[in-house]
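One structure below.
The values are calculated or read from the model by the stated rules, or taken from the named source; none is laboratory data. Quantities reported herein were computed from a predicted structural model and do not represent experimental measurements. Every residue, glycine among them, receives a Cβ derived from its backbone with ideal geometry; neighbour counts consider all protein chains shown. Ligands, DNA and RNA are stripped out before the accessible areas are found, and what is left, the full protein with its side chains, is counted by its heavy atoms. Shrake-Rupley method; radii C 1.70, N 1.55, O 1.52, S 1.80 Å.
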Amino acid sequence: MASNKTFFCIFFFFLGLFLLTSSKAMAHSMKAPRFKTSPPCKRLVLYFHDIIFNGHNSHNATSAIVGAPAWGNRTILATQNHFGNVVVFDDPITLDNNLHSAPVGRAQGFYLYDKKDIFTSWLGFSFVLNSTNHRGSINFAGADPLMNKTRDISVIGGTGDFFMTRGIATLMTDAFEGEVYFRLKVDIKLYECWKQY
Amino acid sequence: MASNKTFFCIFFFFLGLFLLTSSKAMAHSMKAPRFKTSPPCKRLVLYFHDIIFNGHNSHNATSAIVGAPAWGNRTILATQNHFGNVVVFDDPITLDNNLHSAPVGRAQGFYLYDKKDIFTSWLGFSFVLNSTNHRGSINFAGADPLMNKTRDISVIGGTGDFFMTRGIATLMTDAFEGEVYFRLKVDIKLYECWKQY
Amino acid sequence: MASNKTFFCIFFFFLGLFLLTSSKAMAHSMKAPRFKTSPPCKRLVLYFHDIIFNGHNSHNATSAIVGAPAWGNRTILATQNHFGNVVVFDDPITLDNNLHSAPVGRAQGFYLYDKKDIFTSWLGFSFVLNSTNHRGSINFAGADPLMNKTRDISVIGGTGDFFMTRGIATLMTDAFEGEVYFRLKVDIKLYECWKQY
């Protein structure tokens with residue numbers, strides 16, 4: 001009889017634990033956790049190279065001024081730290097810091113300068129990758145206070161190998177030659193990764 | 001005595017399993033899963049129609065060139081595959097491919113042409129839906145290599161019926177008449193769906 | 001012997017339950033829940049102030065017209081409800097509705113007017129916060145039908161204190177003085193919050 005009591009004792013102990021566990025699981029499926037944290041599920045370091053059209057370099061320019069404030073024009077970047085200039089670009093992406101390396105894709109989109117007293121910009125663009133390792137696009141948006149050594153923008157989505165991804169990208173100015181050429185190192189850390197269904 | 005030993009044996013077996021299960025559950029609530037996959041939680045197929053202002057069609061134009069490179073202007077799309085043209089639009093959305101069907105909303109935002117040697121564009125816009133079936137907005141961003149038969153852009157968020165949504169949209173050029181009219185078929189697949197709290 | 005049978009009985013009962021629970025957990029780690037809902041994990045109410053350059057106010061203007069349709073220019077907002085005007089801004093953010101309060105950050109990015117028959121706009125911008133309470137950026141995108149009392153846009157990502165965040169922001173026009181000054185109240189509700197790993 002003692003052994004029967006012990007059975008029931010153990011039985012209800014485990015039953016209680018189970019109900020606790022499953023109610024937790026159910027709550028979880030209905031409510032998102034408060035604060036998520038995880039290491040990156042994917043990481044890429046890439047470079048891209050921007051050569052802005054200045055009236056004399058149409059053979060190799062990869063970007064052009066397409067918007068300017070009333071006090072500017074579309075051939076020379078405006079005074080006041082280029083405030084108001086909008087630039088459209090189609091820049092080669094490389095695995096290293098060499099402009100002449102074989103490109104693995106194109107960085108396409110726009111940036112605009114948005115502060116009068118120092119250089120800052122705002123970016124909306126995609127990495128369109130088409131190499132043996134990666135096929136698909138990564139979409140970016142965010143503020144780039146470009147005088148800082150590193151600054152973060154958002155990865156807001158992706159397609160193909162980067163289907164539904166989210167993360168951040170740390171930008172570093174790797175080179176800067178006058179107002180014609182700059183090279184950015186982009187450290188992409190993806191924290192949400194999906195497989196296409 | 002043997003039965004007591006067995007009790008303890010079973011007890012610790014289950015205890016171990018429970019701890020394993022609950023530690024997994026706890027880990028899960030703190031760490032996002034590595035690779036998610038699921039079928040769409042919502043799907044919509046819609047069309048939108050773009051009639052670009054060319055100097056002579058202000059009565060029915062739905063979009064206008066607002067940015068151009070130094071070698072272009074704002075009435076005629078620029079040479080070099082319209083590189084650098086920025087277009088703002090307010091296009092009707094329809095359920096079928098007929099421009100004259102009753103619109104269920106407006107596609108509003110901008111696109112820009114960003115490649116010299118072929119047509120490619122970059123899009124930032126919203127579907128603002130206001131019909132009996134759908135009320136709310138879906139926000140899009142991404143690269144559109146428009147010479148491809150299908151291409152994917154990101155759904156980066158939404159409001160109203162599309163609160164907090166994410167997904168991808170597959171674009172297809174459904175018609176193209178000179179440089180004045182185009183119609184896009186948009187197959188929207190949403191993989192994250194929320195109910196407003 | 002009866003007690004042995006009972007052992008096995010209990011054993012398989014719990015084994016079954018465990019497998020059920022763990023298979024559920026596994027399914028969960030592979031499939032996202034269908035419809036998520038939760039209260040905001042973070043909420044901020046802030047104001048920002050836009051003073052557009054009109055040719056005479058370069059000393060205190062915080063924004064400038066940088067794109068216009070063929071029928072407009074970059075000093076005066078265009079006819080037809082400013083359709084096609086693109087504006088770049090670097091606006092002070094304050095905790096209250098006073099333009100002269102100490103700013104807690106800057107709202108940086110662009111807006112464009114995108115409808116001929118009423119005022120509507122499309123926004124792509126960041127709150128770059130740099131105060132004792134908040135350090136980091138919040139990125140926004142979406143349609144703003146600005147004649148509505150309240151309207152929602154998407155929070156598409158963030159950095160620093162707002163790492164990987166998502167949510168919506170409810171915009172309210174708090175003041176509007178001719179075509180030079182407006183003040184927006186922004187009620188930011190974040191539903192996905194992360195801690196940087």
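On the given criteria, is C:ASP96 of a type in the set (Asp, Glu), touching a strand residue (DSSP E or B) at 6+ places or on another chain (Cβ under 9 Å) and not in a strand (DSSP E or B)? Reasoning before the result, please.
Details: of a type in the set (Asp, Glu): yes; touching a strand residue (DSSP E or B) at 6+ places or on another chain (Cβ under 9 Å): yes; not in a strand (DSSP E or B): yes.
Yes, satisfied.
Would you confirm whether or not segment A:170-177 contains a residue that is outside any strand (DSSP E or B), touching a residue at least 40 places away in the same chain (Cβ under 8 Å) and either at positive phi or in the same structural domain as A:HIS100 (by TED's automatic domain parsing) (or both)? There is no residue in segment A:170-177 that is outside any strand (DSSP E or B), touching a residue at least 40 places away in the same chain (Cβ under 8 Å) and either at positive phi or in the same structural domain as A:HIS100 (by TED's automatic domain parsing) (or both).
What tally of residues in segment A:88-97 results from selecting those that are crowded, with 19+ Cβ neighbours inside 10 Å, of a type outside the set (Ser, Thr, Tyr) and either more than 9 Å from every other protein chain (Cβ to nearest Cβ) or out of contact with any Leu (no Cβ under 9 Å at 6 or more places or on another chain) (or both)? Before the answer, list the steps.
Going through segment A:88-97, the residues crowded, with 19+ Cβ neighbours inside 10 Å turn out to be A:88-94.
Cutting the leftovers down to of a type outside the set (Ser, Thr, Tyr) gives us A:88-93.
Still in the running and either more than 9 Å from every other protein chain (Cβ to nearest Cβ) or out of contact with any Leu (no Cβ under 9 Å at 6 or more places or on another chain) (or both): A:89-93.
Total satisfying the criteria: 5.
Checked against the criterion of being of a type in the set (A, V, I, L, M) and surrounded by 24 or more Cβ atoms within 10 Å (Cβ to Cβ), the candidates A:ALA102, A:ALA107 yield just one match: A:ALA107. The set of residues in segment C:141-169 that are of a type in the set (D, E, K, R) and either in a loop (DSSP other than H, G, I, E, B) or closer than 20 Å to A:MET164 by Cα (or both) comprises C:LYS149, C:ASP161, C:ARG166. Taken over segment C:173-197, the criterion of being over 20 Å from B:ASP161 (Cα atoms) and among the aliphatic types (A, V, I, L, M) is satisfied by C:ALA175, C:VAL180, C:LEU184, C:VAL186. Just name the residue that is farthest from the other protein chains (Cβ to nearest Cβ) out of those in segment A:72-87 that are in contact with a Phe, Trp or Tyr (Cβ under 9 Å, 6 or more places away or on another chain) and aliphatic (A, V, I, L, M). That would be A:LEU77. Residues in segment A:147-163 that are under 17 Å from B:ILE188 (Cβ atoms) and crowded, with 24+ Cβ neighbours inside 10 Å: A:ILE156, A:GLY157, A:GLY158, A:THR159. Quick check on segment B:44-51. Is at least one of its residues at pLDDT 95 or above, closer than 30 Å to B:GLY158 by Cα and within 11 Å of chain A (Cβ to nearest Cβ)? Scanning segment B:44-51, I find no residue that is at pLDDT 95 or above, closer than 30 Å to B:GLY158 by Cα and within 11 Å of chain A (Cβ to nearest Cβ), so the answer is no. Scan segment C:164-197 for residues that are open to solvent by 20 Å² or more (accessible area, probe 1.4 Å) and either of a type in the set (Val, Ile, Thr) or at the interface with chain A (Cβ under 10 Å from one of its Cβ atoms) (or both) and jot them down. Of everything in segment C:164-197, those that are open to solvent by 20 Å² or more (accessible area, probe 1.4 Å) and either of a type in the set (Val, Ile, Thr) or at the interface with chain A (Cβ under 10 Å from one of its Cβ atoms) (or both) turn out to be C:THR173, C:VAL180, C:LYS195, C:GLN196, C:TYR197.
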